[in-house]
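First comes the structure, then the notes that go with it.
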Amino acid sequence: MDTDESLWNGMRQGKEDMFLELYNRHYHTLFFIGLKEISDAQLVKDTIQQLFLYLWEKKKSIHQAENVKSYLITSFLRKLTADWKKNNNRVAYLHVAGMGSQQDLLPTPEEELIEKNEAYHLSVTLADHVNELPNRQRELIFLRFYEGLSYEKIAEQTGLSQRTIYNSIHEALKKLRLEMHHPAKPSSLNVMVLLFIITLVIL
Amino acid sequence: MYPDKMNIEDLLTDESFINYCKNTSAEDVSYWTNYCLEGEAQRQLVAAAREKYLEMFYTLAFMDKKAEVERLRSRMHQKETAPVIRLDSNGGMKRKLVLRLLVASSLLAAVFFTARYFIGADDHIAESHNEVLTHYGERKNIQLPDGTIVYLNAGSNLKIEADFGLLARTVSLDGEAFFDVKQNKEIPFIVKTTSMDIKALGTSFDVKAYKNDKTTTTSLITGLVEVTLKENDNKKLVLHPNQKVEWTREEKHVAALRADTVQTHILAKREVMPEKIRLTDHGHVKEIAWKENRLVFDNDPMEEIAVLLERWYGVQIAFKDEEVRNYRFTAVFTKEELGKVLEFLKESRSFSFTIEPGEPKRVYIYK
């Protein structure tokens, strides 16, 4: 398995797959740290991408990094504060103002879950059935179980009542669970999952 | 809740249970740990629900990351840095010039424009918006709810009609955009502009329809589209790849003939046919060069070039000497800032210019 440092150097040399692997490896760390600071998932995702696009564009003039992960986190948080300020005239949250502190470098609960490497929990069938959910239910599933937003926060963001959200999620879960008993339908996700699992086994 | 009536869904919809799974609340962790101790059924239920939660979390996380990696990969390929500025002399003699350039302000302009240029294209998922606009000097890339990608050029406005994706996928455009339409045989994709409507099923094409321009152009790159000329008796044309159709509003002409209805009628049935998209001498397709971050001039008069530069860089250009309007230029620029572009054009056919700071910057062209 390539170290962060060797991926970083690969990026500097213009190796696209090493660059994308760097992104792949640190995406969730940055995503959940960002989400902790501001609850706008799309802004967080866009900021991460803009950071990486900038690195890719400037790859020739970038130096060797001492600690790739902390560099990425720091630059990302700095950019997030700047972009957040641009979009909102009010003062950035204290949390973000105190950015760069040790607090931010600690793993988020989600990152800890991911680090545990429980690859066998990935389900192709589940992914297919999530995609088959009606749009609203799929959105709520992602908000509650991926982004981890509370019912209150989801209500704020979607304008629905907590009761409605609760019921929709309950319904969606029923759909997902029942269908899990059916045999998996062939999909391109199969290949990706296989590669994902193989990669993790190799690690 | 009564233990024997609870099932996995009940646990998963409970915030405190998820907190237990994520270990984010000491209170919730101890509650559910104690619950497990109440009996074998309870322990098994908690274990099963926790496993389902993990399965969901990892699967959702994987799905999101996969989508984001793909999005990054495609954005990387849009921002290719091609080298080279090439310039063709236009048959005129090169003359020595006296530079009346204000170096300080042009350097400032160079830095400003370079920065703005690279910030230029942004990706947006337009699900919650039904209107996207770009200012002069700004470009945006948007993904529509059906997966269609729209590259919006400077000074443009795209409206997504209500009920997009149900019976039709309709947008309205004032400006210029390149559409990469997601295939859907059931639901046609329709672009409405003032003078023409374009219908596609799954193709890629460019539409240039600035309200301030007299000419509207649709250029087809791949696939098939049907163009309806709204100011030409709703005549329908089918475009094949590498064909384009141009419609020029001849308002003055129509106004003058308004008194004579017969002649207006004849004018309305003008013959308009698809034309072949010509490659420039350098092998570029002028109509979609902007999408590749290129400015392509193909024997174009300075008058037209000025309009293009105004939109591209978000500046205002004024001619202090009218004759420069008719100077013609052929050139290709890739990711260059305004000052450089004007400098190079000058080398081919001498004129001079100044760039004055301001919001927006003003450019004055002299002979």
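The values are calculated or read from the model by the stated rules, or taken from the named source; none is laboratory data. Small disclaimer: the values here were computed from a predicted structure and weren't measured. Note that we place each Cβ from the backbone using ideal geometry, even for glycine, and neighbour counts take in every protein chain shown.
Just a few scattered comments:
- Candidate set: region A:8-52, residues that are at the interface with chain B (Cβ under 8 Å from one of its Cβ atoms) and surrounded by fewer than 17 Cβ atoms within 10 Å (Cβ to Cβ); chosen: the one nearest to the chain's Cα centre (by Cα): A:Q42
- B:D281 vs. criteria modelled with pLDDT of 80 or more and either under 23 Å from B:L239 (Cβ atoms) or not in a helix (DSSP H, G or I) (or both): no
- Residue within region A:66-77 that is within 11 Å of chain B (Cβ to nearest Cβ) and either at pLDDT below 90 or in a helix (DSSP H, G or I) (or both) present: no
- Qualifying residue in region B:157-168 (condition: surrounded by 17 or more Cβ atoms within 10 Å (Cβ to Cβ) and touching a Lys or Arg at 6+ places or on another chain (Cβ under 7 Å)): no
- Residue within region B:36-48 that is among the small types (G, A, S) and either under 46 Å from the mean Cα position of the chain (by Cα) or within 9 Å of chain A (Cβ to nearest Cβ) (or both) present: no
- For region B:344-364, a residue qualifies if it is in contact with a Ser or Thr (Cβ under 8 Å, 6 or more places away or on another chain) and assigned to a strand (DSSP E or B), and the qualifying residues are B:T354, B:I355, B:E356, B:V363, B:Y364.
- For region B:20-33, the criterion of being within 13 Å of another protein chain (Cβ to nearest Cβ), free of Cβ contacts under 8 Å to residues at least 60 places away in the same chain and at positive phi is satisfied by at least one residue.
- Flag for A:I48 being at pLDDT below 90 and within 21 Å of B:R73 (Cα to Cα): no
- Every listed requirement among (1) at pLDDT below 85; (2) surrounded by fewer than 20 Cβ atoms within 10 Å (Cβ to Cβ) is met by B:I221 save one, (2).
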